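The values are calculated or read from the model by the stated rules, or taken from the named source; none is laboratory data. This one's a predicted model, so the numbers in the text were calculated from it and none came from an experiment. Here Cβ is always computed from backbone atoms with ideal geometry, including for glycine, and neighbour counts include all displayed protein chains. The area values use the complete protein model at the heavy-atom level, side chains included, leaving out ligands, DNA and RNA. Shrake-Rupley method; radii C 1.70, N 1.55, O 1.52, S 1.80 Å.
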Amino acid sequence: MGDRIMSRTVFCVAVTGIIVLIFILGFLIANGLPVLKTVSLKEIFFSRDWYPTEEPPALGMAALIAGTLAATLLSSIIAIPAALALAVFTAEIAPRKLRNFFKVLLEMLGFLPSIVLGFIGMMLIAPWMQDTLGIASGLNLLNASILLGFLIIPVVASLSDEALAAVPLELRDASYALGATRMETIQKVVFPSALPGIIASVLLGVMRALGETMVVLMAAGGAAIIPTLFTEPVRPLTSTIAAEMGETPVGSVHYYALFFAGLILLVMTLMINLASLYIEKRGTKR
């Protein structure tokens, strides 16, 4: 009886989550697609002009999408190698007490509010960049990407550590029995065995950076341009929605355009999530 109750409870919670997600998707579609009556998909995805309050409004989101992808890509390049190195160290090299310390530290970093990081970026990193690099503003792509990296590291490191720890001990023992060193065992046995879980954790970290709002709103600079340098300001989709939705008249073209931007973000996040689930499922079968 207890198992049946728990099974039905988990099923109901899962179904509720799916229903909520469907309603969110439907809400975004209902409020986002009307913008296509005013502007074409070609203009939305390929025009750089984002002036939604002009007459007629210019609703090109190419610069916003480019800013989103640039911040996500640069933060991933900064954070993922460090996160994987930390995961390998905690799972395979560090003593048990040190491993437990790092696990607690990663959990604490994972709960760090993003607005705190954005405040640090505005008050500390931005002035330092401005003085050190001699640039006009420290609120730029590099600043936001560094802060996003701090948000990615706990996610990727913690999940990759679990994937590495799940590799059977027999594989390590077999490698040592054949004369392999610890580093050879990690490189040629443990890491390849845990690769599906590691890739899934990396994709989840990328998804975390893709959907972040407060950090990019406070530290990215807010300029709707396609960046050519790391020190140029950008305006990702998330910060655009957060900054403009509160002052946008309900039912206006600008209002529908912001919901369409949210729909683009949801589709991008959903694609990454499905890729993560596919890789994890494929690795489980192997």
Just to check your reading of the model, which residue among LEU210, LEU106, LEU147, LEU141 is among the aliphatic types (A, V, I, L, M), open to solvent by less than 70 Å² (accessible area, probe 1.4 Å) and in contact with a strand residue (DSSP E or B) (Cβ under 8 Å, 6 or more places away or on another chain)?
LEU141
Looking at THR72, is it of a type in the set (S, T, N, Q) and closer than 16 Å to LEU141 by Cβ?
yes
Which of the residues belonging to the stretch 126-138 are surrounded by fewer than 17 Cβ atoms within 10 Å (Cβ to Cβ), small (Gly, Ala, Ser) and touching a residue at least 60 places away in the same chain (Cβ under 8 Å)?
SER137
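Is it the case that some residue within the stretch 153-167 is farther than 30 Å from ARG235 by Cα, open to solvent by 60 Å² or more (accessible area, probe 1.4 Å) and touching a residue at least 24 places away in the same chain (Cβ under 8 Å)? So that I can check it myself, show each step before the final result.
If we filter the stretch 153-167 for residues that are farther than 30 Å from ARG235 by Cα, which is where we start, we get 160-167.
Next, from what is left, pick out any that are open to solvent by 60 Å² or more (accessible area, probe 1.4 Å): 162, 166.
Right, trim to touching a residue at least 24 places away in the same chain (Cβ under 8 Å) and you get 162, 166.
Yes, that holds for at least one residue.
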Show the residue pairs meeting these rules: Cβ distance below 7 Å; 6+ apart or different chains; first residue within the stretch 102-125 and basic (Lys, Arg); second residue open to solvent by less than 50 Å² (accessible area, probe 1.4 Å).
LYS103/THR90
Looking at this structure, is ALA66 surrounded by fewer than 21 Cβ atoms within 10 Å (Cβ to Cβ), of a type in the set (A, V, I, L, M, F, W, C) and under 25 Å from LEU229 (Cβ atoms)?
yes
Filter the stretch 233-260 down to the residues that are of a type in the set (A, V, I, L, M) and farther than 17 Å from ILE29 by Cα, then identify the one that is surrounded by the most Cβ atoms within 10 Å (Cβ to Cβ).
VAL234
Matching residues, the stretch 243-257, being without any contact (Cβ under 8 Å) to a residue 40 or more places away in the chain and farther than 17 Å from PRO56 by Cβ
ALA243, MET245, GLY246, GLU247, VAL250
Go through the stretch 228-267 and give me each residue that's part of a loop (DSSP other than H, G, I, E, B) and either among the basic types (Lys, Arg) or closer than 13 Å to ILE44 by Cα (or both).
ARG235
Return yes when GLU244 is of a type in the set (Asp, Glu) and within 15 Å of the chain's Cα centre (by Cα) and no when it is not.
no
Determine which single condition ILE279 fails, assuming it passes every other condition in (1) within 22 Å of LEU36 (Cβ to Cβ); (2) under 19 Å from the mean Cα position of the chain (by Cα).
(1)
Any hit, the stretch 65-84, residues being farther than 29 Å from ALA242 by Cβ and in contact (Cβ under 8 Å) with a residue 60 or more places away in the chain
yes
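So for the stretch 173-184 (the condition being in contact (Cβ under 8 Å) with a residue 40 or more places away in the chain and surrounded by 13 or more Cβ atoms within 10 Å (Cβ to Cβ)), does at least one residue qualify?
So the first thing to find is which residues in the stretch 173-184 are in contact (Cβ under 8 Å) with a residue 40 or more places away in the chain, and the list is 182.
Adding the requirement that they be surrounded by 13 or more Cβ atoms within 10 Å (Cβ to Cβ) leaves 182.
There is at least one residue in the stretch 173-184 that is in contact (Cβ under 8 Å) with a residue 40 or more places away in the chain and surrounded by 13 or more Cβ atoms within 10 Å (Cβ to Cβ).
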What's the total number of residues in the stretch 37-49 that are without any contact (Cβ under 8 Å) to a residue 40 or more places away in the chain and part of a helix (DSSP H, G or I)?
6
Residues of the stretch 74-101 classified as buried (at least 17 other Cβ atoms within 10 Å of the Cβ) and more than 23 Å from SER193 (Cα to Cα), total
3
Failed item, numbered, when PRO192 is tested on (1) surrounded by fewer than 23 Cβ atoms within 10 Å (Cβ to Cβ); (2) more than 19 Å from PRO81 (Cβ to Cβ)
(2)
Of all residues in the stretch 22-46, which are within 13 Å of LEU266 (Cβ to Cβ) and open to solvent by 90 Å² or more (accessible area, probe 1.4 Å)?
ILE22, PHE23, PHE27
